[in-house]
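Colleague: What follows is a structure written as structure tokens; I'll ask about it next.
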Amino acid sequence: MNENEITRYISEFLPGVETAQNFGYTFFFYQSDHKMPFATLSASDNEYDRFSNLDREGVFRLNIGVSKNTFHSLFGSAPIDRSDYDFTVLDKIMPHPEYAAQQFICVLNPSDATFQALQSMIAEAYNIAMKRNAKRETST
């Protein structure tokens with residue numbers, strides 16, 4: 001999978017997705033709720049995030065905000081120790097190097113097989129964003 005294929009999948013198969021680009025990232029939001037993306041694509045390092053060495057040719061990172069249950073099923077409930085992970089490895093589902101506490105996972109350059117496994121997690125992240133948006137709308 002490449003960045004364009006992932007962007008197309010998220011944008012075409014999930015209704016109401018809006019994207020924004022900034023600092024080498026593509027942010028995926030549900031509708032106009034641009035406060036918290038449910039997924040992002042990172043294509044380059046920046047001053048705040050150099051964990052994955054994204055400045056390598058053709059390397060990108062898909063980040064997905066999953067539920068606490070899904071995150072714990074993947075990585076356990078103990079706090080994440082960054083030293084346990086090599087965040088430069090391609091095609092491996094890992095906790096996000098910065099946003100694991102917010103239940104974000106990541107994978108660099110997912111293969112077709114890995115992306116297929118991630119599709120349910122992308123849908124979960126999207127559903128979380130829809131619920132958050134609905135809750136916000138009912139409170140205003």
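Colleague: Return the pair list, or none, for Cβ contacts closer than 7 Å from residues in segment 105-130 that are over 23 Å from Asp45 (Cβ atoms) to residues that are assigned to a loop (DSSP other than H, G, I, E, B) and at pLDDT below 95, at least 6 apart or on different chains.
Modeller: From segment 105-130, the pairs are Asp112/Met1; Ala129/Asp33.
Colleague: Residues of segment 16-48 being more than 18 Å from Met121 (Cβ to Cβ), in a loop (DSSP other than H, G, I, E, B) and either among the β-branched types (Val, Ile, Thr) or touching a strand residue (DSSP E or B) at 6+ places or on another chain (Cβ under 9 Å) (or both), which ones?
Modeller: Passing the criteria: Gly16, Phe23, Gly24, Gln31, Ser32, Asp33, His34, Lys35, Ala43, Ser44.
Colleague: Out of all the residues in segment 50-63, is one or more closer than 20 Å to Gln119 by Cβ, surrounded by 12 or more Cβ atoms within 10 Å (Cβ to Cβ) and among the basic types (Lys, Arg)?
Modeller: Looking for residues that are closer than 20 Å to Gln119 by Cβ, surrounded by 12 or more Cβ atoms within 10 Å (Cβ to Cβ) and among the basic types (Lys, Arg), one finds at least one in segment 50-63, hence yes.
Colleague: Testing Arg82 on (1) surrounded by fewer than 16 Cβ atoms within 10 Å (Cβ to Cβ); (2) out of contact with any Phe, Trp or Tyr (no Cβ under 8 Å at 6 or more places or on another chain), one condition comes back false. Which one is that?
Modeller: (2)
Colleague: Now for a separate question. Can you name the residue in segment 49-76 that is assigned to a strand (DSSP E or B) and not small (Gly, Ala, Ser) and is also modelled with the lowest pLDDT among such residues?
Modeller: Selected residue: Asp49.
Rundown of residues vs (1) part of a loop (DSSP other than H, G, I, E, B); (2) at pLDDT 95 or above; (3) touching a strand residue (DSSP E or B) at 6+ places or on another chain (Cβ under 7 Å); (4) buried (at least 18 other Cβ atoms within 10 Å of the Cβ), yes/no style:
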| position | (1), (2), (3), (4) |
| --- | --- |
| Asp86 | yes, yes, no, no |
| Lys92 | yes, yes, yes, no |
| Ala113 | no, yes, no, no |
| Leu118 | no, yes, yes, yes |
| Ile122 | no, yes, yes, yes |
| Ala134 | no, no, no, no |
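Colleague: Please determine whether any residue of segment 9-18 is at pLDDT 95 or above, aromatic (Phe, Trp, Tyr) and either surrounded by 19 or more Cβ atoms within 10 Å (Cβ to Cβ) or in contact with a Pro (Cβ under 7 Å, 6 or more places away or on another chain) (or both).
Modeller: no
Colleague: If only one of Ile105, Ile128 is closer than 28 Å to Phe13 by Cα, of a type in the set (Val, Ile, Thr) and assigned to a helix (DSSP H, G or I), which one is it?
Modeller: Going through Ile105, Ile128 in turn, just one is closer than 28 Å to Phe13 by Cα, of a type in the set (Val, Ile, Thr) and assigned to a helix (DSSP H, G or I): Ile128.
Colleague: Another question, if that's okay. Do you know which residues across segment 43-69 are among the small types (Gly, Ala, Ser) and touching a residue at least 60 places away in the same chain (Cβ under 8 Å)?
Modeller: Once the filter is applied, which keeps residues that are among the small types (Gly, Ala, Ser) and touching a residue at least 60 places away in the same chain (Cβ under 8 Å), segment 43-69 yields Gly65, Ser67.
The values are calculated or read from the model by the stated rules, or taken from the named source; none is laboratory data. What you see is a predicted model, and the numbers here were worked out from it, not measured in a lab. Neighbour counts run over all protein chains shown; Cβ positions are idealised from the backbone, glycine included.
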